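Some notes on the structure that comes next.
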Amino acid sequence: MTLAQSIQAAISQVVGTGPVVLHEPRFAGNEWAYLKECLDSTFVSSVGKFVDRFEIDLAAYTGAKHAVAVVNGTAALHVALRLGGVQPGDEVLIPALTFVATANAVVYGGATPHFVDSEECTLGLDPRALREYLQGITDIDQKQCVNRATGRVIRALVPMHTFGHPVDIEGTLAVARDFHLTLVEDAAESLGSTFHGRHTGTFGLMGTLSFNGNKTITTGGGGAILINDTELAKHAKHLTTTAKVSHRWEYLHDEIGYNYRLPNINAALGCAQLEQLPDFLAAKRRIFERYQAAFVGVPQVRLIAEPEGCHSNYWLQTVLLDESAAGERDAILATTNGAGFMTRPAWTLLHRLAPYHACPKMELPVAESLERRLINLPSSAHLGMEGAR
Ligand SMILES: *Cc1c(COP(=O)(O)O)cnc(C)c1O
């Protein structure tokens, strides 16, 4: 058997016969009831009780003091960076190995992404390599971190919890502190993941979530900003609701806001999905365990497990090929997709995308190696539900 065939057999052992998609949502709870309530009330849009409830439920679940629901995860990042003090002309450190939205949100605010390498044990930003890099290329001037080569202020640092696996957030926080960087966590993929018991997205000044259709829970489209500071949370709410000053009839807007509020109908879906999150997480952990058993005899392949001290949501199951097998990645993708098992490579590293190729970056040996070797496997929660096989 070729390596591709062995991997196909291992996947089949877990998911049965194809076609099986990479990740699909599951609506087995109160979705219909809440949506009906929403329609019956006519409150489908920018106000309604489900928005308030979803924000309260999200804050309670994550342990963040506040959650502000918005239209999507990209908008959440855009607003969080702006509230975090990122100004046009600044630079923002982000991993090269992330979804393009992380970089796009930086550019929406007029800033430039500055790409950082990853580490293999978390698939996320490498704080030790970043510290060494910043020591070499920056000066601290009046409590600002200045990139000596570009003269621009490096204002913020955005780690991302890749496929739900928590980044080394302790090390990352220390770098942010020492170099005067605002820390905003892109927790779009990590709802339900914790680092030493604390929910991802609650360590930095702000954290952002996504409820896109392919994420662990979905509102159709949606996102949220997690914030512990009450004043900042009020400002986030204001800015994402067109900055309208509360008044019974007057249209007064005291700054240029955004129409980023999550509609009530999407929040209704979110409330129902959040109720099922514990079941989804248990199912995803079972899928991981089944893949673990299935991949035991497969050489040159390692299934990614949660980092030490962390609890992952196992959003997307991931295997890493040994460097010696990296050349077979495309054959593996072709064979498995041909058999109806939707597998995917890593995102193209952002510094190699046309809009971002001129952005500053550190050496990216680990991200480049991960990009060559990484494959995501079918991961939908229902695959781990009882009787689903
Ligand atoms: C999904 C995702 C986003 C963006 O979320 P949307 O809701 O699709 O805008 C941002 N960052 C990462 C890492 C993501 O995976």
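The values are calculated or read from the model by the stated rules, or taken from the named source; none is laboratory data. Everything numeric in this text was worked out from a predicted model, so none of it was measured. Here Cβ is always computed from backbone atoms with ideal geometry, including for glycine, and neighbour counts include all displayed protein chains.
Conditions tested, residue by residue: (1) of a type outside the set (D, E, K, R); (2) within 20 Å of THR74 (Cβ to Cβ); (3) touching a helix residue (DSSP H, G or I) at 6+ places or on another chain (Cβ under 6 Å); (4) part of a loop (DSSP other than H, G, I, E, B).
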{"residue": "LYS237", "(1), (2), (3), (4)": "no, yes, no, no"}
{"residue": "TYR251", "(1), (2), (3), (4)": "yes, no, no, yes"}
{"residue": "ILE256", "(1), (2), (3), (4)": "yes, yes, no, yes"}
{"residue": "ASN266", "(1), (2), (3), (4)": "yes, yes, no, no"}
{"residue": "GLY270", "(1), (2), (3), (4)": "yes, yes, yes, no"}
{"residue": "ALA283", "(1), (2), (3), (4)": "yes, no, yes, no"}
{"residue": "GLN292", "(1), (2), (3), (4)": "yes, no, no, no"}
{"residue": "GLY297", "(1), (2), (3), (4)": "yes, no, no, yes"}
{"residue": "ALA305", "(1), (2), (3), (4)": "yes, no, no, yes"}
- [ ] Considering every residue within the range 272-295, establish whether at least one is surrounded by fewer than 17 Cβ atoms within 10 Å (Cβ to Cβ) and of a type in the set (Ser, Thr, Tyr).
- [x] no
- [ ] Scan PRO360, PRO307, PRO355 and give me the residue that is under 30 Å from ARG198 (Cα atoms), of a type outside the set (D, E, K, R) and either outside the structural domain of LYS215 (by TED's automatic domain parsing) or surrounded by fewer than 20 Cβ atoms within 10 Å (Cβ to Cβ) (or both).
- [x] PRO307
- [ ] Identify, from the list ILE7, ILE56, the residue that is crowded, with 21+ Cβ neighbours inside 10 Å and part of a helix (DSSP H, G or I).
- [x] ILE7
Task: Unique residue being crowded, with 22+ Cβ neighbours inside 10 Å and of a type in the set (D, E, K, R) when the list is GLU120, GLU185 - done: GLU185
- [ ] Collect the residues in the range 47-76 that are hydroxyl-bearing (Ser, Thr, Tyr) and either within 16 Å of the ligand (Cβ to nearest atom) or over 18 Å from the mean Cα position of the chain (by Cα) (or both), keeping them in residue-number order.
- [x] THR74
Open item on the list: Condition first: small (Gly, Ala, Ser), in contact with a strand residue (DSSP E or B) (Cβ under 7 Å, 6 or more places away or on another chain) and at pLDDT 95 or above. Can you find one or more residues in the range 277-287 that meet it?
Closed with: no
TODO: List the number of the failed condition for HIS180; all other conditions in (1) free of Cβ contacts under 8 Å to residues at least 60 places away in the same chain; (2) more than 11 Å from the ligand (Cβ to nearest atom); (3) within 21 Å of ARG344 (Cα to Cα) hold.
DONE: (3)
Task: Residue in the range 79-113 that is surrounded by the fewest Cβ atoms within 10 Å (Cβ to Cβ), counting only those that are within 17 Å of LYS361 (Cα to Cα) and more than 18 Å from the chain's Cα centre (by Cα) - done: GLY89
Open item on the list: Every residue in the range 196-235 that is crowded, with 24+ Cβ neighbours inside 10 Å and away from the ligand (no atom under 16 Å from the Cβ), please.
Closed with: ILE227
Task: Matching residues, the range 174-195, being in a loop (DSSP other than H, G, I, E, B), closer than 30 Å to ALA282 by Cα and in contact with a helix residue (DSSP H, G or I) (Cβ under 8 Å, 6 or more places away or on another chain) - done: ALA188, GLU189, SER190, LEU191, GLY192, SER193
Task: Filter result (part of a helix (DSSP H, G or I) and free of Cβ contacts under 8 Å to residues at least 60 places away in the same chain) within the range 322-354 - done: GLU323, SER324, ALA326, GLY327, ARG329, ASP330, LEU333, ASN337, GLY338, ARG352, ALA354
- [ ] Go through the range 355-389 residue by residue and tally those that are over 19 Å from the mean Cα position of the chain (by Cα), charged (D, E, K, R) and not in a loop (DSSP other than H, G, I, E, B).
- [x] 4
Open item on the list: Residues that are within 16 Å of the ligand (Cβ to nearest atom): list the strands (runs of 3 or more DSSP E) wholly contained in the range 77-154 that include at least 1 such residues.
Closed with: 91-95, 112-116
TODO: Please work out if VAL146 is β-branched (Val, Ile, Thr) and either outside the structural domain of THR74 (by TED's automatic domain parsing) or touching a residue at least 60 places away in the same chain (Cβ under 8 Å) (or both).
DONE: no
